[in-house]
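Asker: Here it is: the structure, laid out below.
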Amino acid sequence: MNRWLDRPPRRIGDWLVLTLAAGAVLTAVRYLPQAAGAAGRLLGLLAPFAQALLIAYVLDIPTRWLAEKLFRDRRGPAIAGAYLLFFGVLAALAWLVVPQLIQSVGSFSASVPTYTANLDTLLARIQTRFGIDTTGLKRWLDNSGANLETLLSNLTPTLAGAAMDAAGQLADFVVALAASVYLLAGKEGLLKNARSALYAALPPQTAGSVLAVCKLANRTFCGYLGGQLLDAVLVGLETFVLMLIFRLPLAPLIAVIVGVTNIVPVLGPYLGAIPGVLLLLLGGNPVQALEFLVIVVVVQQVDGNFVAPHILGDATGLSGLGVLFAIVVGGGLFGIPGMILGVPALGVLAALVRGAVGAGLQARGVREDGTRQDSDKNS
């Protein structure tokens, strides 16, 4: 093959092969946009099944726990219990978040004229007392208030369009949910078939290495994701209880936001604090916003120093710098999912690199500190 590529074409067959190859390349380039569009449509059709795989993988964590602790290793009742827990969480979130969100939007919409009048009064006092011309700022605030009222009045058509999009997403979610049931119920058979196909396609040693990597990845991802979800629930509950003690408004909505964003490592607490502070500021009470910030700091200190280390342990084996690197790179490439999954993915990669380095050092008779293993024998 290399000789054929090195020598210039001489026979008719050589020119025919070159012509066909050039035609194939030109055809591929000519129809590349159509092929990319078809691939995108195919991926769109397969998206519910990707969601099903994610749902099944996450729900397999409580399924295994329920099967071991409550149902004597019977997966059927454990799967039913995991889905009941899943639907219960979704119903609780909807019951807590939706009414509070509607109330917040309605309250803010009704208070916009009051906010505008208070700002006008404040600007007039500043101009009277300090002699500062606030005419331009007052005009900008009046225009902003009018634009905001127009936006809120036109919110109904926007919500209608969002509801139509949500209906399509709901249909995909129903398909994904049904497929996830089949994946969870047939987990053992699917894994057995995958192992058989792997050993049929690869040499036994290579197939064993691939399975070892898959087991490492599964152990890392399950430990990390399960711990992060449990930690997020605890953080949300702690925030909710403290907000009730301090009698802060919108406690269910803000606690859910804090808990959900806490799934994102390192940056999650700050992502959850910003919407809570804004919602409380829009309620017209900056003291309550300050109290909420104190609650967030206290909860995160307790969680970061006592709760999270006990739950997560050393699930990924990464240092703080490694976690930050995984969040930045994963978030830049894949957004919020990349922030969540980048940490265990980098943990798996780091474990593989450590194993390869250790095997290489052992094969060369060298310790990790650079000294040779036979130095003790010689001494």
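The values are calculated or read from the model by the stated rules, or taken from the named source; none is laboratory data. Because the structure is a prediction, the values reported are computed rather than measured. Here the Cβ is made from the backbone with ideal geometry for all residues, glycine too, and neighbour counts use every protein chain on show. All accessible areas refer to the heavy atoms of the entire protein, side chains included, with ligands and DNA or RNA removed. Shrake-Rupley method; radii C 1.70, N 1.55, O 1.52, S 1.80 Å.
Asker: In region 59-72, is there at least one residue being open to solvent by 100 Å² or more (accessible area, probe 1.4 Å), at positive phi and without any contact (Cβ under 8 Å) to a residue 24 or more places away in the chain? Talk me through it step by step, then tell me what you get.
Answerer: In the first step, residues of region 59-72 are kept if they are open to solvent by 100 Å² or more (accessible area, probe 1.4 Å); the result is 65, 68-70, 72.
From what's left, at positive phi: 72.
Now narrow it down to the ones that are without any contact (Cβ under 8 Å) to a residue 24 or more places away in the chain: 72.
Yes - at least one qualifying residue is present in region 59-72.
Asker: Right, next: Among the residues that make up region 16-31, is at least one of them under 30 Å from Asp172 (Cβ atoms) and either of a type outside the set (S, T, N, Q) or open to solvent by 100 Å² or more (accessible area, probe 1.4 Å) (or both)? Spell out the reasoning first.
Answerer: Narrowing region 16-31 to residues under 30 Å from Asp172 (Cβ atoms): 31.
Narrowing the set further to residues that are either of a type outside the set (S, T, N, Q) or open to solvent by 100 Å² or more (accessible area, probe 1.4 Å) (or both) leaves 31.
Yes; the residues of region 16-31 include at least one that is under 30 Å from Asp172 (Cβ atoms) and either of a type outside the set (S, T, N, Q) or open to solvent by 100 Å² or more (accessible area, probe 1.4 Å) (or both).
Asker: Which residue, of Leu177, Leu250, Leu202, is surrounded by 15 or more Cβ atoms within 10 Å (Cβ to Cβ), over 24 Å from the mean Cα position of the chain (by Cα) and modelled with pLDDT under 90? Don't jump to the end; show me each part of the working.
Answerer: Values: Leu177 fails: over 24 Å from the mean Cα position of the chain (by Cα); Leu202 fails: surrounded by 15 or more Cβ atoms within 10 Å (Cβ to Cβ).
Result: Leu250 is the single residue among Leu177, Leu250, Leu202 that is surrounded by 15 or more Cβ atoms within 10 Å (Cβ to Cβ), over 24 Å from the mean Cα position of the chain (by Cα) and modelled with pLDDT under 90.
Asker: Find all pairs meeting these conditions: Cβ atoms under 6 angstrom apart; at least six residues apart or on different chains; first residue within region 206-221 and at pLDDT below 90; second residue open to solvent by 60 Å² or more (accessible area, probe 1.4 Å).
Answerer: Partner pairs satisfying both residue conditions: Ala207/Tyr199.
Asker: Answer yes or no as to whether Ala47 is of a type in the set (Gly, Ala, Ser), over 19 Å from Gly226 (Cα atoms), assigned to a helix (DSSP H, G or I) and modelled with pLDDT of 80 or more.
Answerer: Details: of a type in the set (Gly, Ala, Ser): yes; over 19 Å from Gly226 (Cα atoms): yes; assigned to a helix (DSSP H, G or I): yes; modelled with pLDDT of 80 or more: no.
No; evaluated as a whole, the condition is false for this residue.
Asker: From Leu211, Leu229, Leu281, grab the single residue that is in a helix (DSSP H, G or I), open to solvent by 70 Å² or more (accessible area, probe 1.4 Å) and within 23 Å of Ala345 (Cβ to Cβ).
Answerer: Values: Leu211 fails: open to solvent by 70 Å² or more (accessible area, probe 1.4 Å); Leu281 fails: within 23 Å of Ala345 (Cβ to Cβ).
Sole residue among the options that is in a helix (DSSP H, G or I), open to solvent by 70 Å² or more (accessible area, probe 1.4 Å) and within 23 Å of Ala345 (Cβ to Cβ): Leu229.
Asker: Keeping to region 332-348, report how many residues are open to solvent by 20 Å² or more (accessible area, probe 1.4 Å) and under 10 Å from the mean Cα position of the chain (by Cα). Give the steps one after another, and end with the answer.
Answerer: So the first thing to find is which residues in region 332-348 are open to solvent by 20 Å² or more (accessible area, probe 1.4 Å), and the list is 332-337, 339-341, 345-346.
This time we only want the ones that are under 10 Å from the mean Cα position of the chain (by Cα), so: 334-337, 339-341.
Qualifying residue count for the region: 7.
Asker: Only one residue in Val287, Val299, Val357, Val328 is within 18 Å of the chain's Cα centre (by Cα) and either open to solvent by 30 Å² or more (accessible area, probe 1.4 Å) or at pLDDT 85 or above (or both), so which one is that?
Answerer: Val328
Asker: Go over the candidates Leu42, Leu84 one by one and state the one that is under 25 Å from the mean Cα position of the chain (by Cα), modelled with pLDDT of 90 or more and of a type outside the set (Ser, Thr, Tyr). Let's see the steps before the verdict.
Answerer: Working: Leu42 fails: modelled with pLDDT of 90 or more.
Only one candidate qualifies: Leu84.
Asker: Would you mention how many residues in region 302-325 are open to solvent by 70 Å² or more (accessible area, probe 1.4 Å) and either among the charged types (D, E, K, R) or on the phi > 0 side of the Ramachandran plot (or both)?
Answerer: Final tally of qualifying residues: 1.
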